[in-house]
Amino acid sequence: MKHPITQRLAVLACMVACSVTSLAHAAGFDAVEGIAAKGFDVSAQAVLLDGNTTLGAIAPRAMLTPASVSKLYISAASLDRFGPQKRFTTRLVTTGEVESNGTLRGDIILDGAGDPGLTSNDYWMLVQGLKQLGVKRVRGNVLVSEWRFGPVPCISTDRCRARTSSRHAYDALLSSAAVDFANWCVRVYPGSKVGEPAHLQGCFGEKALTAVDSSIKTVATTQPTRISGARVTSGSTDTLKLDGTIALDTFPRNIYRASADPAQQSLYTLVDLMHQADITVTGNATLSRTRPPSDATVLASVDGPTLQELLLRMMNYSNNFMADVLALDLSSTTPATLANASAALERFVATVPGHGPVTLQSGSGLTTQNKTSAHGLIALLNEMYHRPALFPVFVAGMQAPVNGPMRFIRRGSDVFQNNIMIKTGTLNQPVPVRAVAGYFRTRQGRWGAFAVMVNGRAATPYLRWKDVLEAVSKDLTPMIENH
């Protein structure tokens, strides 16, 4: 009997050598081929992971844009580097001293640790740590240090535009000292009667932490709630400009928009929470890119969620900010750069047997410059499937269409929806991209992996997810039922 590792390498080698020849015996992706016939580029492959059986393929080695399917790579690379129980520790430190009367003489520095899941609640815990030390006043400055990375120059059109305005949450800019996924949040309540302005407050306190210009009106209960708006930046000031309607007696709505400067948002959040805790500050509030001194005294610290918790949120909601911060955390330089994060990701992929070429300029996939193949994605999925200590966490971040949080994936046959676990990827500009990859379980309980990437060649024609998922379902359903 072959040693398990030897057998596994033999299987991988055959996957590399045999995938093309297998096409002569099993095209397998007839419905997806119909999409390709309409002028789209397609790379697709499906493989059973307990042998060398390729069930279907279309141009499996073609290099296409995976969009957010790229998050499979950052998920695997971060698990490989850090392990599932990794936590990022954010600290408040000082070079001063706390006197017996509650006065801290010296600066307070928030040491940003590159935690992609840090929230206002974590900052509240840091401030409560100051209270427990008896700190009542600070005779010095409050600084937020993003020495590890930030502000990170943009490389994608969406993020570059977000430096001056944004109508979204997904295009948040990057910093090692960010909070609340680098998004401002405002909670909108209806007024007390029809025609009155909506009532606004912050999502994490009584007041919003940034300027708000709202023309939202209260309408009758029978009318729809429709709120739109953007964050616009003038100089260094962010303003949320909101308009629309909110129905009388309805529940409040949280509106999220990416901030222009995540570290500045952190500074506002920290100072506001210190004010709420009745801690006065006589100095200035400012940003820093200087590393706190090694002999600085730790006043308070908070451990963020475990990596496995972070990945569950990142994958389920396809959070671009979290993915790119994790990629920067892999960087070997200080301050980290996207180029170095890209190199770290690609070094990890080079350790995946049989993967082949890849270009990963971001962990999130928020760029058409990311390129991989269906063959490469299956090599990655196969590698993680054979790592029993990491596989449960890796697969947990994927969605089964039948009950996943993203309702648009609930397409195709019941067999398809109940027997696959997937990550999707979507881009609309400059060309449409629809990508999906993950695992499937056959009727006999065998594990398989599949990947389908569809890329447009121009901005039009538009590509509907409904058409892609139903085509993939048509092709994958018999593979699941017949093996």
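The values are calculated or read from the model by the stated rules, or taken from the named source; none is laboratory data. Please read these numbers as outputs of a predicted model, since none were measured by experiment. Cβ sites come from the backbone with ideal geometry, for glycine too, and all protein chains shown count toward neighbours. SASA here: full protein model, heavy atoms, side chains in, ligands and nucleic acids out. Shrake-Rupley method; radii C 1.70, N 1.55, O 1.52, S 1.80 Å.
Some observations on this one:
- The chain: relative contact order as a whole-number percent, Cα under 8 Å and 6+ apart: 22
- For residue 100 and residue 52, a Förster radius of 56 Å and the Cβ-Cβ distance give a FRET efficiency of 0.15, rounded to the nearest 0.05.
- Taking the average, over residues, of other Cβ atoms within 10 Å as the packing measure, peptides 92-99, 446-453 rank 446-453, 92-99 from highest down.
- Between residue 128 and residue 316, the simple spin-label model (points 7 angstrom out along Cα→Cβ) gives 2.3 nm.
- For the chain, the membrane-span-like helices by this rule, meaning whole DSSP H stretches whose C-alpha atoms cover at least 20 Å of axis and whose Kyte-Doolittle mean is 0.5 or above, are 4-22; this says nothing about an actual membrane.
- Backbone N within the stretch 428-468 under 15 Å of label point (7 Å from residue 418 Cα along the Cβ vector): 441-445
- The helix-based estimate of mean residue ellipticity at 222 nm for the chain, built from -39,500 (n - 2.57) per DSSP H run of four or more residues and divided by its residue count, is -9000 deg cm²/dmol to the nearest 500.
- DSSP bridge orientation in the chain - percent antiparallel, rounded to nearest 5: 75
- Label separation (residue 27 vs residue 121): 5.3 nm, computed from points 7 Å beyond Cα along the C-beta direction.
- The stretch 97-183 shape via C-alpha gyration tensor axes, a/c threshold 1.5: prolate
- For the stretch 50-126, the square roots of the Cα gyration tensor eigenvalues, ordered a ≥ b ≥ c, give a/c of at least 1.5 with a/b greater than b/c, which places it in the prolate category.
- Near-label residues of the stretch 307-331 by backbone N, under 18 Å of a point 7 Å along Cα→Cβ of residue 351: 307-308, 326-331
- Paramagnetic label reach from residue 301 (point 7 Å along Cα→Cβ; backbone nitrogen cut-off under 20 Å): within the stretch 126-153, residues 126-135, 143-149.
- Peptides 408-416, 328-336, 167-175 ordered by packing proxy, namely the average of other Cβ atoms within 10 Å per residue, highest first: 167-175, 328-336, 408-416.
- Å² of accessible area per residue within the chain, as computed with a 1.4 Å probe and no ligands counted: 42
- Over all other residues within a Cβ to Cβ distance under 15 Å of residue 248, the charged ones net out to +2, with Lys and Arg as +1 and Asp and Glu as -1.
- Computing FRET efficiency as 1/(1 + (r/R0)^6) for residue 333 and residue 294, where r is the C-beta to C-beta distance and R0 is 30 Å, gives about 0.95.
- Non-local Lys pairs in the chain, i.e. 8 or more apart or on different chains, that have alpha carbons under 21 Å apart: 13
- For the pair residue 223 and residue 167, the difference between a 0.36 nm per residue extended length and the Cα-Cα distance amounts to 17.8 nm.
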